[in-house]
Each structure stands twice: as structure tokens, then as C-alpha cells.
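The structure appears right after this line, and notes come after that.
Read-outs: derived from the displayed coordinates by stated rules, not from any lab. Here the structure is a predicted model, which means the values were calculated and not measured. Backbone-built Cβ (ideal geometry, glycine too); neighbour counts: all protein chains shown.
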Amino acid sequence: MHSYKVANPSFEKRLEDCTKVLKKYPEKIPVVCEIKKDCDLPTLKKSMYLIPNSMTVAEFNYIIRKRMKLSETEALFLFVQSKYLLKSDSMMADVYAERKDSDGYLYVTIAKESTTG
């Protein structure tokens, strides 16, 4: 479970907050990021992002990399629901439509290594 859900255990409150955000910014996607446990990555100063519908996974990955100040040689993998690896050419709006949580947020787990296969 994402630490955001642990820190905000009320589903109704999370749903209400997300609904307010989506009403105010209908062309944005509410994303909650968390670094995978036991992963050797720098921490993020903030875990919640409001990104444009037109953003690709590659663009979002670039933003996260810049905020973490990672070198170009370090691989970074983004997962949704801790199990679906995001493809770079996917649109974040499509990912959101298919994989958003029932509270309205898209929960993204960041890992240094791919844990698939």
C-alpha cells in the first residue's frame, strides 16, 4: 500500500480531495509517486503531481529524473499499482483512464531496476 494511503486512511477524504482537484483542473491528472521500498534512489521532495493530460510517460519520467538529480546512465522504471511497467510512449491520460485508483489518484511506484520477468 502506498504511504499516501497510510497517511490519509480515509477513502472518502481522498476521493473528495481528488474530485475537487479534478473539478478545478479538468485537463490535469493527479499522480501520487512513491519510491519502491529498499530502492537506492534519492527521495522526492514532493510525492503529489498534477500533470497535463497530454504528457507522455517518457516526459513524466524525465521530470522525476530531474527532481531526483539522476545521471543519464541510471535507469528509472515507473510502475502503476506496483506491478504494471509503464511504457515510455504511453500517454499518461491513457494510463490514468485504465489504471487510476478508485479514489481518483494514479499511484506510481518508482524503481531503479525493472522487477518484471
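Look at the alpha carbon pairs under 8 Å that are at least 6 residues apart: their mean separation over the length of the stretch 1-109 gives a relative contact order of 34 percent. Listed from fewest to most Cβ neighbours within 10 Å, the set 19, 73, 109 follows the order 73, 19, 109. Spatially, the stretch 1-68 and the stretch 83-112 are offset by 10 Å when compared through their Cα centroids. Is any residue of the stretch 70-104 close enough, with backbone N under 18 Å, to a label point placed 7 angstrom from the Cα of residue 36 along the Cα-Cβ axis, and if so, which? Those under the cut-off are 70-71, 73-88. Helix 11-24 axis versus longest C-alpha principal axis of the chain: approximately 90°, rounded to the nearest ten.
Within the stretch 1-100, the GluC sites (Glu not before Pro) that combine a DSSP coil assignment with at most 15 other C-beta atoms in a 10 angstrom radius are 27, 72, 74.
With neighbours defined as other Cβ atoms within 10 Å of a residue's Cβ, the residues 11, 79 order from fewest to most as 11, 79.
Across the stretch 72-89, computed HN-Hα scalar couplings (Karplus, 6.51 cos²θ - 1.76 cosθ + 1.60, θ = phi - 60°) run 5, 7, 8, 7, 9, 10, 10, 10, 10, 6, 6, 9, 9, 6, 7, 7, 4, 8 Hz from first to last residue, x flagging Gly and Pro. Looking at the chain, send over the antiparallel percent of its DSSP beta bridges, to the nearest 5. The answer is about 70 percent antiparallel.
Springs between Cα atoms under 10 Å define the GNM used for the chain, and in it the highest mean-square fluctuation of 69, 13, 45 occurs at 45. Each 5 Å bin from zero up to the one holding the largest Cα-Cα distance in the stretch 3-111 carries the following percent of pairs: 2, 12, 23, 26, 20, 12, 4, 1, 0.
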